[in-house]
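Read the figures in this text as sums done on the coordinates, not as results from a lab. All values derive from a computational prediction rather than experimental measurement. Cβ placement follows ideal geometry from the backbone for every residue including glycine, while neighbour counts extend to all protein chains displayed.
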């Protein structure tokens, strides 16, 4: 379906599908304004409608509980289309409940820690980038003293 609900020949990715309950899960690390700036938010908003039209229950899972206006809009859309959502710890609880005891332990031990740590790895966008070239190397640096050097092979003419 396109943004207006018209059928298309293109398929749609579903992060997780549970046949027994006819649920289509959309998993997100976070929902922020930055993500919507890529022009994909209308696609995010169409997912719950498309799932409902296909006879599925849309379920939104968002691991980062940071509030945002876009997240509020998305949650509302899922509920309007007969779906549900889980945010933050509720998201982890829903996944481990669905996975049952053994797989739930696996999720908590091996999946949750690295995903939870991703927010701690906030990489700053470099300020001014500088490029310097010498006979032996190329160095890329920024104003915060980060640098990366590439050794050059000796050039013969």
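Some notes on this structure:
- The set of residues in region 52-75 that are in contact with a strand residue (DSSP E or B) (Cβ under 6 Å, 6 or more places away or on another chain) and within 22 Å of residue 88 (Cβ to Cβ) comprises 57, 58, 59, 60, 61, 62, 65, 75.
- Qualifying positions in region 82-97 - buried (at least 17 other Cβ atoms within 10 Å of the Cβ) and touching a strand residue (DSSP E or B) at 6+ places or on another chain (Cβ under 9 Å): 83, 85, 86, 87, 91, 92, 94, 95
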